[in-house]
1. Give the shape of the chain as rounded, prolate or oblate, defined through the alpha-carbon gyration tensor: a ≥ b ≥ c are the square roots of its eigenvalues, a/c under 1.5 means rounded, and otherwise the shape is prolate if a/b is larger than b/c and oblate if not.
2. Shape call for the range 237-368 from the C-alpha gyration tensor, a ≥ b ≥ c root eigenvalues: rounded (a/c under 1.5), prolate (a/b greater than b/c) or oblate?
3. Please label the shape of the range 136-272 as rounded, prolate or oblate, based on the square roots a ≥ b ≥ c of the eigenvalues of the alpha-carbon gyration tensor (a/c under 1.5 means rounded; beyond that, a/b larger than b/c means prolate, else oblate).
4. Sort 78, 285 by Cβ crowding within 10 Å, fewest neighbours at the top.
5. Assuming 0.36 nm per residue, please report the length gained on full extension of the stretch residue 46 to residue 58 beyond their Cα-Cα distance.
6. Considering only DSSP beta bridges where both residues belong to the chain, give the percentage that are antiparallel (nearest 5).
7. To the nearest 0.05, how large is the calculated FRET efficiency for residue 95 and residue 221 if R₀ is 45 Å and r is the Cβ-Cβ distance?
8. Can you compute the helix-only [θ] at 222 nm over the chain? Use -39500 (n - 2.57) per DSSP H run of at least 4 residues, normalise by all residues, nearest 500 deg cm²/dmol.
């Protein structure tokens, strides 16, 4: 996981050297001391693949490399929209893998991709919010700071969560900024997708360790619900951040705080339903009964949505650097760093099938569209799978 130094705090200049040294130490130690040695931990042996659930690859497509891009694959109906690091944005028909449109924006991206089926938006590394319609660029607007979370498009507006914890809204048709809400920044942020979604008439945003409900019309805060708080003695240890993806069922939104906790919030009341300690770095997913997520060591966990009690734990994929999961029917789907897509039973985590890609590593949490499971690799391979 990459951290980035961002000069949002008034104390940044005086603290930069200290933070940088802590960051360097933390980065080095994260690769060795966590496992008690200098060598990487050995992934768990998978054994032979015994398909319990029949799944076949039905198409493949390609886009440029997505390495280094905090990619969110967007699915609306039968359309899957995604982007590459170098600024290619494509909408695919999930039924066939064929392009519906494809465009190159001519500059690298820092976040993507948001879409509502009509409009599509990404953010460039030069801090421009770029809006498109059917692959045609409509407008670009400069943002104040870097952005690593894909824009959200809802209600003919485009919402942006930037790395300084500012939240802004733009008219999707014209690009006119409607409002911006800013909060005091912090010296370290994650180069990773955060939490930004619409729940009814409320914009729900992850700010540090809190889910915050905004009025989408004017940016006023309706409620705040803390899922985790800062701990530790230095900036790295005190970093607290909610990460995508999340699980929403009605008014219940469940999310992960990076390396700290998993919890659920009732967004109608703005209250925390429960939190549980958890040490994962990627988002979660779930259904009306269970929440699923992977810990940093590759253990896959299930919690009961009602109260957060542990339902089961599986160590079959330990040390495999898993993506956030996708709940799909009777399966929990996760990708790994070797380019494998694992289908696990939602009931107990037992293996149902294992799918192969180009071995460059699964780059983002898989999605489903038109009864097709879609996975994207770091090298830009796009794979469509369907049940037999």
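Values in this text are rule-based calculations from the coordinates and carry no lab data. Computed from a predicted structure; not experimentally measured. Note: ideal-geometry Cβ built from the backbone for every residue, glycine included; neighbour counts use all protein chains shown.
1. Numbers: a/c = 1.35, a/b = 1.10, b/c = 1.23.
Judged from the Cα gyration tensor, the chain comes out rounded (a/c under 1.5).
2. On the way: a/c = 1.82, a/b = 1.47, b/c = 1.24.
Taking the square roots of the gyration eigenvalues as a ≥ b ≥ c, the range 237-368 is prolate.
3. Oblate, since a/c reaches 1.5 and b/c is not below a/b.
4. Details: 78 15, 285 23.
Taking fewest neighbouring Cβ atoms as first place, the list is 78, 285.
5. Numbers: separation 12, 0.36 × 12 = 4.32 nm, distance 2.43 nm.
Here the answer is 1.9 nm.
6. On the way: 113 of 114 bridges.
Around 100 percent antiparallel, to the nearest 5.
7. On the way: r = 42 Å, r/R0 = 0.93.
Given R0 = 45 Å and the Cβ-Cβ separation, E is 0.60.
8. Estimated from H runs of four or more residues: -2000 deg cm²/dmol.
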